[in-house]
Amino acid sequence: MTRDLRTERKGRILAVRDLPTLPNVLEEVTRLVERADSSTEEVAKLISMDQVLSAKVLKMVNSPVYGFSGRISTIQHALVLLGFNVLRSIIVSTSVFEVMTENMVGLWEHSLGCAMACGELARMLDFKDAEEYAVAGLLHDLGKVVATVQLPDLKPEIERVVAERDLYYLEAEREVLGFGHDRINAWLADYWKLPPNIKEGLSYHHKPHLAQLYPEMACVVHVGDFIVRVFEYGFSGDVGVPYLQPEAVKILNLTPAQFEILLDHMCDQYMELVAGQSS
Amino acid sequence: MANTFPGAFPRIPKITVLSPDAAFVALFSQAFAPEEAEVTVWPRGRGALEHLFLDPPDLLVVDQALSDISGLELVGMVKCENVYRQLPVALVLDEQELADGVDWSAAEVDELLTRPLTPTMLRARVLLTLTRALRTFDANPLTRLPGNTSIISRIQELIDRREDFALAYADLDYFKSFNDKYGFSRGDEVLMMTARIIVNTVRGVGGPTAFVGHVGGDDFIFLLPPQQVEEACKTVVASFDDIVPHFYDAADRVQGFIESTDRDGNLRSFPLMAISLAIVFNRNGRLRHYGEASQAVMTLKKKAKANPRSCYVLDTEND
């Protein structure tokens, strides 16, 4: 791929202004925000279930306007610092895409499931600020969403390559776009001035052993992504389960016994989620 | 390029116009050459909010006749945030709408543009508004919160009206050692964060009319009705303690203290920053003058500072 084409596509990706968000979350957040007795925790919990709102909130609080770029990586802290007024404005200015593709609805569930696994794993390993690992898990495939919104013409092509040549979605993206969603994530993280630990979680989740600054973050997201795929909760764009990098397990010092407990926990949690959704 | 813009604005001003009226929008290209002003147009209001909050222009022109939100409502959303208060706003109305009586004391607009308008008049009004905005406000240059003049007059006003109120004085412990170690721009980040916590908490508890001021440095004050102040202090303390560790480098955050030099130049360790709040009450017109409030709160502040952790101290003796 020529350099010009690549630069042009990067430009189109970063021209992203309106990301779609899920209408039902939007309504619930609005209702909660408008209720006088709602707590920040309640609102944070709701926002955390939507990758797009989460990204917007983090982008806003880390923007230079507020004067502490790159410091805030949890939704709850972001809400304390932004306040409900700004949050409400983010919500009303978030244009909801009326038609959500099947792929993206599945991707949302995949992201949510990954976030839960990352949070659970980080707590199991006694990592500080486990919530930040969940945020990275939630946003780890944001690049896929942005690519389909900004480069809609290339999405069917990626899907065709995945189906016909039996490639992973990431490989197909690299083939068709010239770069994968991990690269897009890195651009978005820089562009939105997200904290460096979140950036590494997003951009190294497919090659966690290469992460330089926050290898634990990248490894947790890698393992979380693996787990949610094993249980086939949501749809990431791939039918199969990718290779679990042994280095990631090693870096995290995750024992087989711990891994087993984690799998049990996540199995229960996904079952609960599915039961809750169908009721 | 320097003097193409007669308002002596230091750079090409960015003007954002929110209006569905194509004829009005077209006036801007007649009034200003492209190299004089960078004009961005949004036909609707809601979609523009995020853009405005992320990249505020030098002047915001809002048409009252937006289809999706009233112009004044939108202005209110922008202006009640401390970081956007300095953004000058011009409201666009039809002249006959003035007869309906706009509540100008509640409208936070800086300039009024009435239709029908000529390019010459538009040009003059915009220049005037931009230049006026350049003049100094009594706002803290960092947080843009009201400064001492506004603080004193607000307190004196409440005293004169014999209104019950609580005056809270907040300052940070170990801010100086943080500044010494990490540098002033990292210190400014902490002040901006502190201001946001206080603003959001105080407004959440007391509504949009609650007052927050920035005395300077790491000193802030806020005013609330007496029965609401304790809840606000608890929330400020909890939020501050929760968030401030993230402003340290990971190693210092983990060890829970920093090494820095004290006033005598000796290397020693300092705890992570904490917030101290001292609160005095004015009930039944006890206070006569701003100075009494300020003296009482400064005395009490020493008590709050004696505790190295975040805490608040209520003035129970005089209450």
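The values are calculated or read from the model by the stated rules, or taken from the named source; none is laboratory data. Values in this document were obtained by computation on a predicted structure and should not be read as measured data. Please note: Cβ atoms are built from the backbone with ideal geometry, for glycine as well, and neighbour counts cover all protein chains shown.
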Any hit, the stretch B:151-166, residues being surrounded by 16 or more Cβ atoms within 10 Å (Cβ to Cβ) and more than 30 Å from B:R286 (Cα to Cα): no
Residue that is nearest to the other protein chains (Cβ to nearest Cβ), among those in the stretch B:86-100 that are in a loop (DSSP other than H, G, I, E, B) and modelled with pLDDT of 85 or more: B:L87
Filter result (facing another protein chain (nearest Cβ under 8 Å), in contact with a Leu (Cβ under 9 Å, 6 or more places away or on another chain) and under 23 Å from B:T131 (Cα atoms)) within the stretch B:42-80: B:P56
The stretch A:43-67 - residue that is within 12 Å of chain B (Cβ to nearest Cβ) and free of Cβ contacts under 8 Å to residues at least 12 places away in the same chain and, of those, farthest from B:V78 (Cα to Cα): A:G67
Which listed residue is at the interface with chain A (Cβ under 10 Å from one of its Cβ atoms) and assigned to a helix (DSSP H, G or I), from B:V237, B:V254: B:V254
Failed item in (1) outside the structural domain of B:R283 (by TED's automatic domain parsing); (2) outside any loop (DSSP other than H, G, I, E, B), with B:D103 passing the rest: (2)
Whichever residue in the stretch B:17-54 is in a loop (DSSP other than H, G, I, E, B) and among the acidic types (D, E) and, among such residues, is nearest to B:V92 (Cα to Cα): B:D21
Residue that is farthest from the other protein chains (Cβ to nearest Cβ), among those in the stretch B:11-41 that are buried (at least 20 other Cβ atoms within 10 Å of the Cβ) and aromatic (F, W, Y): B:F32
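Going through B:L172, B:L112 one at a time, which residue ends up being surrounded by 15 or more Cβ atoms within 10 Å (Cβ to Cβ) and outside the structural domain of B:I279 (by TED's automatic domain parsing)? Working first, answer last.
Numbers: B:L172 fails: outside the structural domain of B:I279 (by TED's automatic domain parsing).
Only one candidate qualifies: B:L112.
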Count of the stretch B:165-182 residues which are more than 14 Å from every other protein chain (Cβ to nearest Cβ) and not in a strand (DSSP E or B): 7
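Condition (residue is of a type in the set (K, R) and under 23 Å from B:V39 (Cβ atoms)) applied to the stretch B:149-158: is it met by at least one residue?
Let us first name the residues in the stretch B:149-158 that are of a type in the set (K, R), namely B:154.
Then drop every residue that is not under 23 Å from B:V39 (Cβ atoms), which leaves none.
No, there is no match, as no residue in the stretch B:149-158 is of a type in the set (K, R) and under 23 Å from B:V39 (Cβ atoms).
When you check B:R203 against the structure, is it closer than 20 Å to B:D164 by Cα, in a helix (DSSP H, G or I) and either within 8 Å of chain A (Cβ to nearest Cβ) or without any contact (Cβ under 8 Å) to a residue 40 or more places away in the chain (or both), yes or no?
The answer is yes for B:R203.
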Residue list for the stretch B:282-300, restricted to those being more than 24 Å from the chain's Cα centre (by Cα) and not in a loop (DSSP other than H, G, I, E, B): B:N282, B:G291, B:E292, B:Q295, B:A296, B:T299, B:L300
Single residue of the stretch A:40-87 satisfying the filter (in contact with a Phe, Trp or Tyr (Cβ under 7 Å, 6 or more places away or on another chain) and either assigned by TED's automatic domain parsing to the domain that holds A:E200 or of a type in the set (D, E, K, R) (or both)) that is farthest from A:K193 (Cα to Cα): A:R71
Test: residue in the stretch B:206-226 that is of a type in the set (A, V, I, L, M), assigned to a helix (DSSP H, G or I) and away from every other protein chain (no Cβ under 14 Å): no
Filter result for the condition that a residue is in the same structural domain as A:K155 (by TED's automatic domain parsing), of a type in the set (A, V, I, L, M, F, W, C) and outside any loop (DSSP other than H, G, I, E, B), over A:V228, A:V239: A:V228
Count of residues meeting criterion [crowded, with 22+ Cβ neighbours inside 10 Å and free of Cβ contacts under 8 Å to residues at least 24 places away in the same chain] in the stretch B:50-80: 1
Number of the condition not met by B:S153 [criteria: (1) under 21 Å from B:Y290 (Cα atoms); (2) of a type in the set (S, T, Y); (3) modelled with pLDDT of 95 or more]: (3)
